[in-house]
Amino acid sequence: MRKKTIQRGKRPELMWGLGLNEQLKRQVEMGVGPGFYVRNFPLGSLPWSRDMSGREKPSAAWIPWSVWSDMPESRKEEYRSQESTQRILIQDKDDEQIEMDQVLSEGFLTVVRTPLTRPKVQDAVFRAKEVTSMYSDIYRMTEEIMLERELLSRKTDQLMFLNKILASATESLDPASILLNAKETLSLVVPIKMIHAAFWTQQPESEVTDVEIFLNGTMPPETESRWVEEIMAAANNMGSGSVNGFQIIHAESARRQEFSLTPDDGRLAIMPLTAGQQTFGCLMLLCEPDYRLGKDQVETFRSAVTHLGLALRNALMFKEVKLRADKDALTRIYNRHSFEERLVYEIKRRRRYNHDLSLLMFDLDHFKLVNDTYGHKAGDMVLRKVGEILTDTFRTTDLAARYGGEEFVVLLPHTSEEDAWKLAERVREAIQSCDFHFDGQDFKVTASIGVASIEAGALTKDDDLILKADKALYEAKNNGRNKVVISKPPIMQAAML
């Protein structure tokens, strides 16, 4: 039979004796050998909670049945709560033998009857070590399971976060709306104060770049300038190229408010936006200064920005396609289809709110002669210039469109007939004053303009606005061209006959 041996460390292992007499203490010490240190507490000095909360916990406690029986139940519970300590019951040989069920119910590992011989003591110590080792394994396994559960929970949170990013990013095809949703969603991981973005597009057959800057709300001019400088510097560092110009768009929330936070009011994080191998923009995040992300959070955040970049890229492509569909490719102003849609909308609004509505319709005089004399490229140059004049002259709420060929229209909501006439004169003079140069030749172009208006409170029909403007234009061309003619009401026309 193989003899049991107790493995000892360099430092003696601590055991307790609770109320052991000298004989029992000596028998325990002889049984366990020099690898253990038995600290015995006399009957009048049994350990309390402060003794049990020490750094070094006893691996086992030897307790006579007589001592345990006289102990108050509250003290027994304190000893039972020491899970790292195995309790060994000592029963006198003359006492009635205690059933094992009772031994276990009292919270003891095993019972040893006197006299405490070396085999009995060592057998009890081996049992204590086996149970302690088993508890240690269970504890370690429990820790591993808890760690795996925590990791799984974090992975689940990360997947839910990415899913939320994808859902919010695909709710809209408007870049400003996507950025506002992104600020709210990204704040679940990083406390974001502000989020700005820049997108750049290289012009065809050119090395210059146009930049669109989306600012998170309005801000004082000096603050806005600071952000624009910071964003443009980031765009330049990321390879945007030589900048031709930039446009600022305020991505405002439903609750309009002014922000005064500068790039120095937090920790600034600049994230590139890429699609394939191309960098087309960047995000600029102003975060809390002392916040730090864990390694897995950084990876999750980068994945979120990647998904966000793809959504923004799609939104920008949609915006470009819509722009091409709504605007004339040559003059860069709206096309006839966009004008007709807007006209229906404005007429409905006028019927509801009864405000002024005016329309300019004009035609370039003798434009066919320009094409025949100087060529169609010269004609295209003229049309582009007229588009620039219309863009610079009218408000963003007005709509200028190329109606067809050399014909243009301008829809003017909330504009009286007198004001529409003044604007028409301004456009006519701007076109007349332009000097055109093509292929070494100089020439000028003029325009005839017809004005039609529906005044607030007027009882006339408003669905023949185009017809009236067209008649006024026809009259301008018949009366010598290069002039503005206002459509006359039927009563006034009758009086003039």
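Hey, can you tell me all the residues within the range 349-368 that are assigned to a helix (DSSP H, G or I) and farther than 17 Å from C434 by Cα? Please lay out each step first, then the result.
Let us first name the residues in the range 349-368 that are assigned to a helix (DSSP H, G or I), namely 349-353, 367-368.
Within the range 349-368, R349, R350, R351, R352, Y353, K368 meet the criteria.
Check the range 328-340 and report whether any residue there is over 30 Å from F436 (Cα atoms) and out of contact with any Leu (no Cβ under 7 Å at 6 or more places or on another chain).
Residues of the range 328-340 over 30 Å from F436 (Cα atoms): 340.
Restricting the remaining residues to those that are out of contact with any Leu (no Cβ under 7 Å at 6 or more places or on another chain) gives 340.
Yes, some residue in the range 328-340 is over 30 Å from F436 (Cα atoms) and out of contact with any Leu (no Cβ under 7 Å at 6 or more places or on another chain).
Quick one: what pairs do we get from the range 266-291, first residue basic (K, R), second modelled with pLDDT of 80 or more and surrounded by 16 or more Cβ atoms within 10 Å (Cβ to Cβ), C-beta under 9 Å, 6+ apart or different chains?
Sorted first by the residue in the range 266-291, then by its partner, the pairs are R267/L285; R267/L286; R267/C287.
I need the helices (runs of 4 or more DSSP H) fully contained in the range 99-214, keeping only those with at least 3 residues that are within 24 Å of A315 (Cα to Cα) and modelled with pLDDT under 85.
On the way: elements: 100-105, 118-169, 175-186.
The helices (runs of 4 or more DSSP H) meeting that bar are 118-169, 175-186.
Matching residues to (1) touching a helix residue (DSSP H, G or I) at 6+ places or on another chain (Cβ under 9 Å); (2) in contact (Cβ under 8 Å) with a residue 24 or more places away in the chain; (3) surrounded by fewer than 13 Cβ atoms within 10 Å (Cβ to Cβ); (4) outside the structural domain of A128 (by the TED database):
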residue: G17; (1), (2), (3), (4): yes, yes, no, no
residue: G35; (1), (2), (3), (4): no, yes, no, no
residue: N40; (1), (2), (3), (4): yes, yes, no, no
residue: W48; (1), (2), (3), (4): yes, yes, yes, no
residue: G54; (1), (2), (3), (4): no, no, yes, no
residue: A60; (1), (2), (3), (4): yes, yes, no, no
residue: P72; (1), (2), (3), (4): no, no, yes, no
residue: T85; (1), (2), (3), (4): yes, yes, no, no
residue: V103; (1), (2), (3), (4): no, no, no, no
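List the number of the failed condition for T279; all other conditions in (1) at pLDDT 80 or above; (2) touching a Lys or Arg at 6+ places or on another chain (Cβ under 7 Å) hold.
Evaluating T279 over (1) at pLDDT 80 or above; (2) touching a Lys or Arg at 6+ places or on another chain (Cβ under 7 Å) leaves (2) as the failure.
Here is a list: Y345, Y334, Y291, Y353. Which entry is surrounded by 17 or more Cβ atoms within 10 Å (Cβ to Cβ), over 14 Å from the mean Cα position of the chain (by Cα) and not aliphatic (A, V, I, L, M)?
Numbers: Y345 fails: surrounded by 17 or more Cβ atoms within 10 Å (Cβ to Cβ); Y291 fails: surrounded by 17 or more Cβ atoms within 10 Å (Cβ to Cβ); Y353 fails: surrounded by 17 or more Cβ atoms within 10 Å (Cβ to Cβ).
Unique residue meeting the criteria: Y334.
Testing I431 on (1) in a strand (DSSP E or B); (2) of a type outside the set (S, T, Y); (3) over 46 Å from the mean Cα position of the chain (by Cα), one condition comes back false. Which one is that?
Evaluating I431 over (1) in a strand (DSSP E or B); (2) of a type outside the set (S, T, Y); (3) over 46 Å from the mean Cα position of the chain (by Cα) leaves (1) as the failure.
Among L273, L268, L359, L285, which is of a type in the set (A, V, I, L, M) and under 30 Å from S487 (Cα atoms)?
On the way: L273 fails: under 30 Å from S487 (Cα atoms); L268 fails: under 30 Å from S487 (Cα atoms); L285 fails: under 30 Å from S487 (Cα atoms).
After ruling out the rest, the residue left standing is L359.
In the range 131-188, how many are in contact with a helix residue (DSSP H, G or I) (Cβ under 6 Å, 6 or more places away or on another chain) and of a type in the set (D, E, K, R)?
1
If I ask for residues that are among the small types (G, A, S) and within 55 Å of the chain's Cα centre (by Cα), which ones from the range 102-161 would you list? Explain how you work it out, then say what you get.
Taking the range 102-161 as the starting set, the residues that turn out to be among the small types (G, A, S) are 105, 107, 124, 128, 133, 136, 153.
Correct list: S133, S136, S153.
The values are calculated or read from the model by the stated rules, or taken from the named source; none is laboratory data. On a predicted model such as this, the values are computed, not experimentally measured, just so you know. All Cβ positions, glycine included, derive from the backbone under ideal geometry; neighbour counts span all protein chains shown.
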